[in-house]
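Comments concern the structure below.
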Amino acid sequence: MSKPATMRQMPQIAHVDVNCFYASAERAFDPSLEGKPVVVLSNNDGCAVTRSPEAKALGIPLGEPWFKLAPRAREWGLVALSSNYELYGDISARVMELLGRYSAWLEVYSIDEAFLGVKGTPEELLDLGRTTKAAVRRNVGVPVCVGIAGTKTLAKLANKWAKNNPAFDGVCHWDSVPAADRESLMRRLSVIEIWGVASRLTKRLNGLGIHSILDLSRADPVMIRDRFSVVMMRTVLELQGTPCIPMEEERIGRDQLIFSRSFATPITTAAGMRQVMSVYGQQASARLAKHGLQAKVLTAFAGTSHFNPKDTSYPSVCVPLPMPTADPVLLTRAAHAFLPHINEGIRYARAGIMVTDLRPTGNQAPLSLFENPHEERHVGTLLEDVTRRYGRGSIGLGHAGIRGGPDWTMKRDMLSPRYTTHWDELPLVKAA
Ligand SMILES: [Mg+2]
């Protein structure tokens, strides 16, 4: 029996995620990597942080140290690459900008994932998912999968399913799948496979008889809130179909830190955006320092409101930093490099920055030539002190152009060219 038209037009959420992002970004510019097992290594060529499906098929575990893989690389035909965050940041910016054209609202969730607000009949939603997937492949050159559902949690689950079951061909609309199949999937998957459930909580959940995602979806949300947290209760509600996960302002992932929020009043000028970017630059600085990290690449982005489908705009830019840093002056300057991409008069309802290529502070002794004078003078601490005392926004940093510095020396023996951000490293096309 078909549902009433109003039900069928319910707003839904599409979760778009690039498959094996770092390996796919490398393949976009080096087609010889297609079909080969590829691993991308962490900083200093330490261990495998991304594996292509062929590398996974070889049984290479995530995080496997390179020194263990190297002796067998030739026999396997395994290609290892140093992480090229400048390339990944730029590809990410391109994917997000493109996705913004397919939806009136977009939330950048991580370097290779976004949530999009979508509407339509099940057929239209599936169509939109397929169109988006094809467009990212064609225009940016990386493969994505799309999961569409009524909540973010279910959209992420649908995406995972689309990735693992070839029958979906990369696009899964949750509500279009027969209920019995959805149940059987949720019964097969352990609770830790769901977004938002930390693996350390598995034992406690199991103690309550909650083993599978299906068990969790049938749990009493209030009991879950009382025994665990509001966060876990939201997961239960989302599994039951009630959207309740808001956009979070700050997220730290395995290899990235994101600050993003929507504004009560849209930003319409570069001057307004400069202030926002300064705040983010300083927040990122404080957060990096708190976690004992430095970043080497910054991506900045903004977007228009989903309530205003006219004049949509989702500009983004990727900025390599002159050295690994948590310095507020350098981070703010880098974020300001975004300003020329702002169209005056457009009503930006959301903006954010993402810092990547993270590494522990003080891992390498800086050569005096590259020492950062701001870190020396404790500008970061000063800014934090003033902010603590006089409130957020009481002190800010001026703006200036970013001066390109020498690239930071680090072990990166297998680094691909920065195809999209350096003129002298552009990919070459040979005419026959
Ligand atoms: Mg991904």
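Picking from Val136, Thr151, Val171, whose Cα lies most toward the positive end of the charge dipole for the stretch 115-187 (charges on Cβ: Lys, Arg +1; Asp, Glu -1)? Projecting each Cα onto the dipole axis, the largest value belongs to Val136. Normalised by 2.2 N^0.38 Å, with N the number of residues, the alpha-carbon radius of gyration of the stretch 59-99 equals 1.63.
Computed about the Cα centre, the dipole magnitude for the stretch 160-318 is approximately 540 debye when only Lys and Arg (+1) and Asp and Glu (-1) carry charge, each at its Cβ. Residues Arg137, Arg287, sorted by accessible area with the largest first, give Arg137, Arg287 [1.4 Å probe; ligands and nucleic acids excluded].
Given Cα pairs under 8 Å that are at least 6 residues apart, what percent is the relative contact order of the stretch 120-257? Relative contact order for the stretch 120-257 comes out at 19 percent. Averaging 1/r over each pair of different alpha-carbon atoms in the stretch 269-319 and inverting the result gives 12.8 Å, the Kirkwood hydrodynamic radius. Taking all protein chains as they are arranged and a probe of 1.4 Å, the heavy atoms of Lys152 leave approximately 10 Å² accessible to solvent.
Taking the Cα centre of the stretch 36-101 as reference, the dipole from Cβ charges on Lys and Arg (+1) and Asp and Glu (-1) amounts to some 220 debye. When the surface is traced with a 1.4 Å probe over the full set of protein chains, Thr420 keeps roughly 30 Å² accessible. Given in Å, the Rg to one decimal and the Dmax to the nearest whole number for the Cα atoms of the stretch 236-359 are 15.2, 47. Spin-label model, Trp76 to Thr265: label points 7 Å out along the Cα-to-beta-carbon direction sit 5.6 nm apart.
In straight-distance terms, cross-link reach from Lys156 covers every one of the lysines whose alpha-carbon lies under 22 Å from its own, apart from those fewer than eight places away in the same chain; here that gives Lys56, Lys119, Lys133. Within the full protein context, the accessible area of Phe29 is estimated at about 50 Å² for a probe radius of 1.4 Å. Listed values for the stretch 166-173 are Karplus-derived 3J(HN,Hα) couplings in whole Hz (6.51 cos²θ - 1.76 cosθ + 1.60, θ = phi - 60°), namely x, 4, 7, 6, x, 9, 10, 9, and x replaces Gly and Pro.
The orientation-averaged projection of the convex hull spanning the C-alpha atoms of the stretch 119-166 amounts to 3.6 square nanometres.
Between Cys244 and Gln275, the modelled labels are 3.5 nm apart [label points 7 Å from Cα along Cα→Cβ]. In a simple Cβ point-charge model (Lys, Arg +1; Asp, Glu -1; nothing else charged), the stretch 182-233 has a dipole of about 120 debye relative to its Cα centre. When every Cα-Cα distance of the stretch 181-302 is counted in 5 angstrom steps from zero, the calculated P(r) takes the values 2, 9, 16, 16, 12, 12, 12, 11, 7, 3, 1, 0 percent. Modelled label positions at Arg138 and Ala431, each set 7 Å beyond Cα in the direction of Cβ, lie 2.6 nm from each other. With coordinates expressed along the principal axes, the C-alpha atoms belonging to the stretch 150-223 extend over 37, 21, 20 Å, beginning with the largest.
Largest first, the three principal axis extents of the alpha carbons in the stretch 1-147 are 61, 34, 24 Å in whole numbers.
The values are calculated or read from the model by the stated rules, or taken from the named source; none is laboratory data. Just so we're clear, the structure is a prediction, and the values are computed from it rather than from any experiment. Here the Cβ is made from the backbone with ideal geometry for all residues, glycine too, and neighbour counts use every protein chain on show. These area figures cover heavy atoms from the full protein model, side chains too; ligands, DNA and RNA do not enter into them. Shrake-Rupley method; radii C 1.70, N 1.55, O 1.52, S 1.80 Å.
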